[in-house]
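Q: One structure, pasted below without further comment.
Nothing in this text is a laboratory measurement; each read-out follows from the coordinates by a stated rule. Computed from a predicted model, the values in this text were never measured in an experiment. Quick reminder, even Gly has a Cβ in these numbers, built from the backbone with ideal geometry, and neighbours come from all protein chains shown.
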2 protein chains.
Amino acid sequence: MGRNIFSSCVATGRFVPEDCSYNADVEQACGLDAGWIERRTGIVRRPIAKPEQAVSDLAIAAGKRAMMNWEESRPEGAGASRASVGMLILATSTPDHLLPPTAPYVASQLRLGTIPAFDIAVACSGFLYALQLADDYCRLHERSVLVIAANLLSRRVGPKDPATAAIFSDGAGAVVISPSSQPGVIAIELESDGSGYDHLCIPSGGSRSPIQEDTYQKGDHLMQIANGMAVYRYAVESMAKLGQRIVNEAGLSIEDLDFWIPHQANRRIIESVQSRLGLPDEKVGVTVDQFANSSAATIPIALDYFREEGKVRSGSLLLLTAAAAGLSCGASLIRWS
Amino acid sequence: MGRNIFSSCVATGRFVPEDCSYNADVEQACGLDAGWIERRTGIVRRPIAKPEQAVSDLAIAAGKRAMMNWEESRPEGAGASRASVGMLILATSTPDHLLPPTAPYVASQLRLGTIPAFDIAVACSGFLYALQLADDYCRLHERSVLVIAANLLSRRVGPKDPATAAIFSDGAGAVVISPSSQPGVIAIELESDGSGYDHLCIPSGGSRSPIQEDTYQKGDHLMQIANGMAVYRYAVESMAKLGQRIVNEAGLSIEDLDFWIPHQANRRIIESVQSRLGLPDEKVGVTVDQFANSSAATIPIALDYFREEGKVRSGSLLLLTAAAAGLSCGASLIRWS
């Protein structure tokens with residue numbers, strides 16, 4: 001171990017498709033009253049990728065921007081930045097293919113050489129899980145890690161199912177994590193709870209129920225929410241619990257936080273957790289209205305967005321929290337570099 | 001950091017289905033001459049899971065055996081072993097579902113509490129990538145990691161396609177990695193090469209080409225090998241290169257190795273690498289004849305098998321190597337605990 005025994009978030013990038021689906025269209029397709037989606041979820045529109053785009057296209061675009069933003073802050077030039085990246089982690093639930101993994105292709109398109117590159121799947125907790133792996137790798141191996149979270153969920157929702165069509169979207173966010181002599185990633189807490197495995201599921205297409213003619217006809221290759229209320233409750237309780245715990249264990253209080261970015265699933269979940277944590281509105285990062293829920297990608301997209309907005313600044317103390325189907329959840333406390 | 005700054009492999013377990021498909025049947029279905037499969041691949045039979053089993057069933061069974069084997073070697077009892085596991089990593093290309101991830105369910109069925117649990121996808125390199133993440137986590141967080149690699153590939157092969165039906169199988173292997181004061185996991189080297197992304201692929205079912213009526217009819221939800229020769233060459237060259245490099249960088253020579261376990265894709269690949277490395281037959285672990293190719297699962301299955309056979313013993317110096325679609329590859333040098 002050298003002197004850099006911490007890791008730090010040093011750059012962000014995002015790619016959010018320009019094309020959107022708007023509430024009026026989804027409400028009509030799903031037979032919902034006008035205004036239902038915004039009232040229930042806070043979502044106004046959902047960015048939707050072009051038909052010819054796969055998740056790797058979104059991931060590469062976000063990764064490029066993060067690398068460019070990083071290079072602009074360094075005197076060494078692009079080659080040096082690329083050469084200092086030792087690993088690429090792609091958090092996705094919608095890889096290009098069921099085989100092979102997508103990350104090696106993304107790494108090669110970003111000209112990162114032959115670095116280790118792999119996909120992880122932890123649904124909406126994917127970015128925080130990847131952050132844990134990146135933090136470990138950075139600290140032990142003294143090389144930077146490019147974490148990209150990307151999803152193309154519009155292709156896995158039932159177009160007439162309000163529980164999924166109203167919520168999910170496409171997008172990618174990327175963060176460069178680098179070895180640091182100061183604690184940037186102060187703490188990460190991760191949990192799982194497989195007792196809620198069946199609450200939200202794509203029934204067919206995996207090894208449990210391979211795609212067959214009849215499962216395709218029934219739409220079982222699309223997302224189905226069997227127990228939305230249980231997922232909702234888990235999201236509120238786990239994000240409030242882990243958020244409070246990680247702040248306490250760092251010897252801090254909620255008032256010390258400069259900004260909180262939760263996973264963007266639904267405005268009502270965010271408001272419930274906000275009220276439990278006791279955070280004022282100006283410290284809460286909300287993008288679900290315009291970017292909707294791209295699962296693991298929402299937190300790095302929001303980090304990049306609020307960097308641009310000036311809400312995430314050098315020295316900012318950030319709380320990130322996520323909860324996911326599976327179930328799983330996570331929180332991280334970050335001092336921005 | 002405490003005194004345990006290394007990690008060590010402390011227990012293994014496997015679950016290989018009893019039912020098998022035999023060469024004569026596959027040769028008949030694929031229109032091959034009798035003896036073709038064994039001549040070309042060294043494979044005699046392929047373990048095949050029961051229709052009601054999903055990958056989680058295989059993973060849980062292998063994980064249980066690894067935990068039992070670990071507990072037998074410890075005086076503290078099962079509860080203490082479970083409580084010392086801090087993370088579960090499931091390397092799979094065939095999760096139960098396309099959403100949610102499978103690992104949280106596996107962790108809950110193994111009664112591991114609410115530990116972080118996630119899926120990684122790196123095709124046949126999955127176990128060695130997971131080993132890297134487990135080693136990092138173990139060393140920094142001083143808790144054990146349960147690594148399980150499991151696949152149910154029989155559901156993703158074309159029954160009449162000799163390139164896939166002859167090769168791929170079902171199975172799961174598990175290894176407990178624990179903090180250690182002695183270097184057990186001596187080194188790990190991982191690489192990727194996305195320039196070969198298209199060589200082996202399931203065209204449809206991911207975000208690039210979602211399942212549609214016509215892609216299902218064409219069989220595009222099944223594995224297709226566009227350039228088997230390129231994958232073969234990459235496997236031979238990358239395993240020989242990384243194997244030699246990791247031994248050299250540890251200041252050792254090939255003669256110091258007690259046993260080599262390569263990913264089990266094909267006996268001819270193994271023989272080519274063996275000849276390049278210059279290893280005698282008695283130091284080469286081959287299971288592809290009886291267990292075939294269950295992708296990421298082959299190495300931990302073989303570890304457990306050769307533990308039972310007495311080839312992997314306390315103090316054995318092991319070389320593990322893998323190469324995968326994507327492309328990716330890896331090697332690890334391990335002193336068995």
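Q: Binned at 10 Å from 0, what are the whole-percent values of the Cα-Cα distance distribution for chain A, short to long?
A: 6, 27, 36, 23, 7, 1, 0
Q: Another question about this same structure. Just tell me how shielded A:186-195 is by partners: mean number of partner chain Cβ atoms within 10 Å of each residue's Cβ, no decimals.
A: The shielding value for this peptide is 6.
Q: Hey, another quick one. In terms of Cα to Cα distance under 16 Å, which aspartates and glutamates are near enough to A:Lys50, apart from those fewer than 8 places away along the same chain?
A: A:Glu18, A:Asp19, A:Asp96, A:Asp170
Q: Of all GluC sites (Glu not before Pro) in the stretch A:64-99, which ones are in loop regions per DSSP and have a Cβ with at most 15 other Cβ atoms within 10 Å?
A: Numbers: sites: A:Glu71, A:Glu72, A:Glu76; in loops: A:Glu76.
Passing both the DSSP loop test and the Cβ count: A:Glu76.
Q: Considering the alpha-carbon set of the protein assembly as shown alone, what are its Rg and its Dmax in angstrom?
A: Rg, Dmax (Cα atoms, Å): 23.6, 74.
Q: From the label point of B:Ala24, set 7 Å along Cα to the beta carbon, how far off in nm is each other copy's matching point, shortest first?
A: So the distances to the same position in the other copies read 7.0 nm.
Q: Find out how many positive minus negative residues lie around A:Ala174, taking Lys and Arg as positive, Asp and Glu as negative, among other residues whose Cβ is under 9 Å from that of A:Ala174.
A: My count for the surroundings of A:Ala174 gives +2.
Q: Under 29 Å Cα-Cα from B:Lys241, which lysines qualify once same-chain neighbours fewer than 8 residues away are excluded?
A: Cα-Cα hits under 29 Å: B:Lys283, B:Lys311.
Q: Further, regarding this structure: Count neighbours as other Cβ atoms within 10 Å of each site's Cβ, and list the GluC sites (Glu not before Pro) in the stretch B:223-327 that are DSSP loop with at most 13 such neighbours.
A: Counting only loop positions with at most 13 other Cβ atoms within 10 Å, the GluC sites (Glu not before Pro) in the stretch B:223-327 are B:Glu309.
Q: Give me the percent relative contact order of chain B, please, defined on Cα pairs under 8 angstrom at least 6 residues apart.
A: 26 percent
Q: Related question: Can you tell me how much longer the chain between A:Lys50 and A:Asp289 gets when fully stretched, taken as 0.36 nm per residue apart minus their C-alpha distance, in nm with one decimal?
A: In short, 84.0 nm is gained.
Q: For the protein assembly as shown, what proportion of DSSP beta bridges, expressed in % and rounded to the nearest 5, is antiparallel?
A: Taking every DSSP beta bridge with both residues in the protein assembly as shown, the antiparallel ones total about 70 percent.
Q: Next question. Just to confirm the numbers: B:Gly310, label point 7 angstrom along the Cα-Cβ line, distances to the other copies in nm, shortest first?
A: Relative to the other copies, B:Gly310 has label-point distances of 7.5 nm.
Q: While we're on this one: How much of the DSSP beta bridge set in chain B is antiparallel, as a percent to the nearest 5?
A: Once the DSSP bridges in chain B are tallied, antiparallel ones form about 70 percent.
Q: Here's something else I'd like to know. Assuming 1.567 mPa s and 4 °C, estimate D for the stretch A:84-159 with Stokes-Einstein, Rh taken as the Kirkwood radius over Cα pairs, in µm²/s.
A: Here the translational diffusion coefficient equals 101 µm²/s.
Q: Oh, and also: What Kirkwood Rh does the stretch A:187-335 have if only Cα atoms enter the pairwise 1/r average? Answer in Å.
A: Hydrodynamic radius (Kirkwood, Cα pairs) of the stretch A:187-335 is 16.4 Å.
Q: Take every residue in peptide A:324-331, count the Cβ atoms of other chains within 10 Å of its Cβ, and give the average of those counts.
A: Partner-chain Cβ atoms within 10 Å, mean over residues of A:324-331: 5.
Q: OK, next. Please give the charge dipole size of the protein assembly as shown, origin at the Cα centre, charges +1 on K and R Cβ atoms and -1 on D and E Cβ atoms. Round to the nearest 20 debye.
A: Computed charge dipole of the protein assembly as shown: roughly 680 debye.
Q: Counting other C-beta atoms within 10 Å, which of B:His263, B:His141, A:His221 has the fewest, and how do the rest follow?
A: Numbers: B:His263 32, B:His141 14, A:His221 25.
Listed from fewest to most nearby Cβ atoms, that is B:His141, A:His221, B:His263.
Q: Under a point-charge model restricted to the Cβ atoms of Lys and Arg (+1) and Asp and Glu (-1), what is the dipole moment magnitude of the stretch B:234-302 relative to its Cα centre, in debye to the nearest 20?
A: Here the size comes out at about 280 debye.
Q: So how compact is the stretch B:40-198: Cα radius of gyration and Dmax in angstrom?
A: Reported Rg and Dmax, both Å: 16.7, 51.
Q: Where does the charge balance sit around B:Thr94 when Lys and Arg score +1, Asp and Glu -1, over other residues with C-beta under 9 Å from its C-beta? Spell out each step's value before the answer.
A: Working: positive: B:Arg155, B:Arg156; negative: B:Asp96, B:Asp170.
It works out to a net charge of 0.
Q: Would you list A:Thr287, B:Thr102 from fewest to most Cβ contacts within 10 Å?
A: A:Thr287, B:Thr102
Q: Tell me the net charge near A:Gln109. Cut-off is 10 Å between Cβ atoms, A:Gln109 excluded, with +1 for each Lys or Arg and -1 for each Asp or Glu.
A: Combined, the nearby Lys, Arg, Asp and Glu give +1.
Q: At 7 angstrom along the Cα-to-beta-carbon line, where would the label on B:Gln212 sit relative to the other copies? Give the distances in nm, shortest first.
A: 2.5
Q: Next question, about the same structure. Given DSSP loops and a limit of at most 13 other Cβ atoms within 10 Å, what is the longest stretch of chain A that contains no such trypsin sites (Lys or Arg not before Pro)?
A: The segment A:161-312 is the longest one with no such site.
Q: Sticking with this one: Measuring from a point 7 Å past the Cα of A:Met229 along Cα-to-C-beta, which residues in the stretch A:178-200 have an amide N at less than 18 Å?
A: Flagged as within label range: A:196-200.
Q: When the helix-only estimate is applied to chain A (DSSP H runs of n ≥ 4, each -39,500 (n - 2.57), divided by the residue count), what is the mean residue ellipticity at 222 nm, nearest 500 deg cm²/dmol?
A: -10500 deg cm²/dmol
Q: Only counting other Cβ atoms within 10 Å, I'd like A:Ser125, A:Ser73, A:Ser56, A:Ser337 sorted with the fewest neighbours first. All intermediate terms of the calculation are to be shown ahead of the outcome.
A: Details: A:Ser125 34, A:Ser73 11, A:Ser56 28, A:Ser337 19.
Sorted ascending by nearby Cβ count, the order is A:Ser73, A:Ser337, A:Ser56, A:Ser125.
Q: Which single residue of chain A puts its beta carbon nearest to the axis of rotation relating A to B, and what distance, in whole Å, does that give?
A: With distances in whole Å, chain A gives A:Asp136, 2.
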